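The values are calculated or read from the model by the stated rules, or taken from the named source; none is laboratory data. Because the structure is predicted, anything quoted here is derived from the model rather than measured. Note: ideal-geometry Cβ built from the backbone for every residue, glycine included; neighbour counts use all protein chains shown.
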Amino acid sequence: MIKKLGMTFGGLQQKILNLVLIFILALIALFISAAVYSSVNLAKIVDKSSDKQRTSMTAVSENTMATTLNVSMKQSSDMQASIADAVFSEAMGDVLFLREYAQYLFSHPDEYEDLTVDYPDPANDGKASIQLQHEAAVDPKDDDTLGLAANMGEILLARYRNSEVLNSCFIATANGSIIFVDDRAAANFDMNGVLQTFEVRERPWYIGAVQTGDLYFTGIELDAFTNIPGIVCSAPVYADGKLVAVVGADIFLHNISEFISDSVKYGGFVCIINKDGEIVFSPKNEGTFKASAADESVDLRNIDNKELADYVSKAVTVGTDAEEITVDGVPYYLCATPMDTVEWTVVSVIEKEISDKPTKTLIDEYDRINEEAQNEYDEGAQRVRRSLLLWIAVMLVLASIAALLVAGRIVKPIEHMTKRMQDLNGTDLAFEMEDAYRTGDEVEMLAEGLAELSSKTRRYIDQITKITAEKQRIGTELELATKIQADMLPNIFPAFPERPEFDIHATMTPAKEVGGDFYDFFLIDDDHLGLVIADVSGKGVPAALFMMMSKILVGNFAMTGISPAKVLEQVNTQICLNNDEEMFVTVWFGILEISTGKVTAANAGHEYPMIKKANGEFELFRDKHGFVIGGMEGIKYKEYEFTLEKGGTLFLYTDGVAEATDPDNKLFGTERMLDALNIEPEASPKTLLSNMKKAVDDFVGDAPQFDDLTMLGVKLL
């Protein structure tokens, strides 16, 4: 380092100055690059933002239009259905009135005289008149009900004149005659002027009314004389339980047909579908929406367009809100409303392109406004860049001057601080605050931090020394606890070398230094072997202490000769007396009668045992579970029995075996346990436990052991 002109060249002072200058130059370069980058990429940024806004506006507009369209189409469809339905409702009311009057007439024939009705007269064409027709094979003189029915003539005439929707109304006797009112008398004659007959009882309205026995609407049918399409509403008339006549009214469909044809004026159109899914009215002359003759009509519920077929199936039953359906390659919005009187459905249809026009107009206007705004923004950005360059130049000059002044002020306290840090050694670690460091800036904060760090370091060294000693003490005690716990469990095998009638083996692998699982086995007398396996809640030292107390209690009570259920009840009572920590233990306790193989056992919330019969494989034995020990006072436990055959093996375990998890958090499970046992089902208990441990280790792999692994096996030889 060389000192010249009050500066230390090659030292910290020069480096600070160089750093400041480099930073300023880098900042200038960054600003210039940013300006150039902004100029080049401004259009892209604006376009990207514009695209996002356009997408958002399109989505909002389309959602708004969809909501508005749904409401308006539903209202329109409901209104159109209501208007069309009103026509049929009025006709239905007229027919019901005629039926009521006719029923009274035929039920009180003594109150009326027989009247006559004339045949149609061409001279009456154009004005309403009461007329008579009959079937070809019927002679009106033989119709004994015709004179009485003629009393309906004036009623029919009045209903016809007072209605705006009826094209005729009538009463047809059950004998084949009909009295009707209309203004088309000439239509009853053929081209030669001969009066035509009328097959009354073959008409659909007659047959339908008789078959249903109630009010009946026909489908669209052609008038017998004018061939004008219409619908007939009819109803049967009974007297003394016998059919005497059918009354009805014709409704020509000119108005509905014209209304449907005119619906295309409003950007969409309306069509009507009958109960069979066929279009009966439509302004379209081609495509799927075309209305065809009855013998050519197509049931839209069975067409290849599944989307439309499903929609029509729903529309003809319950109606729909506006739904988007593609028909003949064109997306439409469809909304349907069924009629109450006839089984028809009004369907309002509008092309999606028409409904999307407001959104397109909105986006076009947005693009125009956005283009104008972008031009104005470009001009403003140019002005900002010029101002920025001027500001950078001024900043460079001022920063250079400031760097020269500040560098000298910073360097001196730092040099002093550096020297003090170099003087620290293994015995002197005290860095203390001095006046030279009190600069009122980050240098002072750095010095305070170093002083605090020095103080903490000394304290930490003292604490670490103490903690290390304490950890060594705890480690020694845990090793001793592990040995004590292991010594408390039977661990010398073979356990009963003088007893050739059975073979027994058990292992426990704690998850921590000490665990909460335990097993035990002991001879209660020469012919009874006590078997215990248990799992204490929790891990570590508390669980180990609780485990030791539980093991001692189970063993002590078992040696009194009471039953397994009573042993568990007594242990539960003792543990509940002083269980402030609310710990609990699951216990399986059984007594094996060595001479017979009978096992009497009770289960306090423990895992199901696994049993292998002689010359068989291991199976899961789903025994009766009671509540855990220590969970509640006064619990009663149930016993059960099973027989361990000679050559059979009983395998007991804790949940740490079944719930061992692999790195993917999958459980080992009872199925894998059975597979591991059945690798060598005839093997000794020691081999069985070894096979199980290996299977668990292979499954778990590198995953940590979270629970104790405890197993006990006993085989009757």
Exercise. Mind checking whether some residue in the stretch 504-511 is surrounded by 11 or more Cβ atoms within 10 Å (Cβ to Cβ), more than 54 Å from the chain's Cα centre (by Cα) and at pLDDT 85 or above?
Worked result: no
Exercise. Only one residue in Thr600, Thr596, Thr586 is at pLDDT 90 or above and farther than 26 Å from Lys646 by Cα. Which one?
Worked result: Thr586
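On the given criteria, is Ser282 touching a residue at least 40 places away in the same chain (Cβ under 8 Å), surrounded by 19 or more Cβ atoms within 10 Å (Cβ to Cβ), of a type in the set (S, T, N, Q) and touching a Phe, Trp or Tyr at 6+ places or on another chain (Cβ under 7 Å)? It would help to see each step written out before you state the result.
Values: touching a residue at least 40 places away in the same chain (Cβ under 8 Å): no; surrounded by 19 or more Cβ atoms within 10 Å (Cβ to Cβ): yes; of a type in the set (S, T, N, Q): yes; touching a Phe, Trp or Tyr at 6+ places or on another chain (Cβ under 7 Å): yes.
So Ser282 does not fit the description; no.
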Exercise. When residues of the stretch 385-401 are filtered for being modelled with pLDDT of 75 or more and either out of contact with any helix residue (DSSP H, G or I) (no Cβ under 8 Å at 6 or more places or on another chain) or loosely packed, with under 12 Cβ neighbours inside 10 Å (or both), how many remain?
Worked result: 7
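Quick one: count up the residues across the stretch 689-713 that are in contact with a helix residue (DSSP H, G or I) (Cβ under 6 Å, 6 or more places away or on another chain) and without any contact (Cβ under 8 Å) to a residue 60 or more places away in the chain.
3
Could you tell me whether Val194 is surrounded by 24 or more Cβ atoms within 10 Å (Cβ to Cβ), assigned by TED's automatic domain parsing to the domain that holds Val247 and of a type outside the set (Gly, Ala, Ser)? Before the answer, list the steps.
On the way: surrounded by 24 or more Cβ atoms within 10 Å (Cβ to Cβ): no; assigned by TED's automatic domain parsing to the domain that holds Val247: yes; of a type outside the set (Gly, Ala, Ser): yes.
Criteria not met by Val194.
Looking at Gly669, Gly634, Gly648, Gly630, which is the one that is more than 19 Å from Asp707 (Cβ to Cβ) and either at pLDDT below 95 or in contact with a helix residue (DSSP H, G or I) (Cβ under 9 Å, 6 or more places away or on another chain) (or both)? First the steps, then the outcome.
Working: Gly669 fails: more than 19 Å from Asp707 (Cβ to Cβ); Gly648 fails: either at pLDDT below 95 or in contact with a helix residue (DSSP H, G or I) (Cβ under 9 Å, 6 or more places away or on another chain) (or both); Gly630 fails: more than 19 Å from Asp707 (Cβ to Cβ).
Sole residue among the options that is more than 19 Å from Asp707 (Cβ to Cβ) and either at pLDDT below 95 or in contact with a helix residue (DSSP H, G or I) (Cβ under 9 Å, 6 or more places away or on another chain) (or both): Gly634.
For the stretch 207-221, how many residues meet the condition of being within 22 Å of Glu90 (Cβ to Cβ) and either over 51 Å from the mean Cα position of the chain (by Cα) or in a helix (DSSP H, G or I) (or both)? Break it down stepwise before answering.
Our first condition is that a residue be within 22 Å of Glu90 (Cβ to Cβ); within the stretch 207-221, this holds for 208-209, 212, 214-221.
From the residues that got through so far, the ones that are either over 51 Å from the mean Cα position of the chain (by Cα) or in a helix (DSSP H, G or I) (or both) too are 208-209, 212.
The qualifying residues number 3.
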For this session: Taking only the stretch 321-338 into account, find how many residues are surrounded by 21 or more Cβ atoms within 10 Å (Cβ to Cβ) and either outside any strand (DSSP E or B) or of a type in the set (Ser, Thr, Tyr) (or both).
Result: 3
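Per-residue answers, yes or no, for (1) touching a Cys at 6+ places or on another chain (Cβ under 7 Å); (2) within 26 Å of Tyr216 (Cβ to Cβ); (3) charged (D, E, K, R); (4) surrounded by 20 or more Cβ atoms within 10 Å (Cβ to Cβ):
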site	(1), (2), (3), (4)
Tyr104	no, yes, no, no
Tyr119	no, no, no, no
Ala137	no, yes, no, no
Leu146	no, yes, no, yes
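Can you report the number of residues in the stretch 356-379 which are of a type in the set (Ser, Thr, Tyr), touching a Ser or Thr at 6+ places or on another chain (Cβ under 9 Å) and closer than 21 Å to Gly268 by Cβ? Step through it out loud before you land on a result.
So the first thing to find is which residues in the stretch 356-379 are of a type in the set (Ser, Thr, Tyr), and the list is 359, 361, 366, 377.
From what is left, the residues that are touching a Ser or Thr at 6+ places or on another chain (Cβ under 9 Å) are 359, 366.
Narrowing the set further to residues that are closer than 21 Å to Gly268 by Cβ leaves 359.
Here the count works out to 1.
Being of a type in the set (Asp, Glu) and either free of Cβ contacts under 8 Å to residues at least 12 places away in the same chain or touching a His at 6+ places or on another chain (Cβ under 9 Å) (or both) narrows it down to one residue among Asp214, Asp190; which is it? Can you show your working first?
Values: Asp214 fails: either free of Cβ contacts under 8 Å to residues at least 12 places away in the same chain or touching a His at 6+ places or on another chain (Cβ under 9 Å) (or both).
That would be Asp190, the only listed residue that is of a type in the set (Asp, Glu) and either free of Cβ contacts under 8 Å to residues at least 12 places away in the same chain or touching a His at 6+ places or on another chain (Cβ under 9 Å) (or both).
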Problem set entry | Scope the stretch 500-548; condition within 25 Å of Gln574 (Cα to Cα), free of Cβ contacts under 8 Å to residues at least 40 places away in the same chain and not in a helix (DSSP H, G or I); matching residues | Val514, Asp520, Phe522, Leu523, Asp525
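Give the residue that is surrounded by the most Cβ atoms within 10 Å (Cβ to Cβ), with candidates limited to residues of the stretch 227-248 that are outside any strand (DSSP E or B) and in contact (Cβ under 8 Å) with a residue 24 or more places away in the chain. Steps first, answer last, please.
Quick first cut of the stretch 227-248, residues outside any strand (DSSP E or B) only: 227-228, 240-241.
Subset that is in contact (Cβ under 8 Å) with a residue 24 or more places away in the chain: 228, 240.
Details: Ile228: 14, Asp240: 7.
Residue satisfying both the conditions and the ranking: Ile228.
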For this session: Among the numbered conditions (1) under 34 Å from the mean Cα position of the chain (by Cα); (2) assigned to a strand (DSSP E or B); (3) aliphatic (A, V, I, L, M), tell me where Val280 comes up short.
Result: (1)
Seminar exercise, completed: Within the stretch 339-364, the count of residues that are outside any strand (DSSP E or B) and aliphatic (A, V, I, L, M) comes to 5
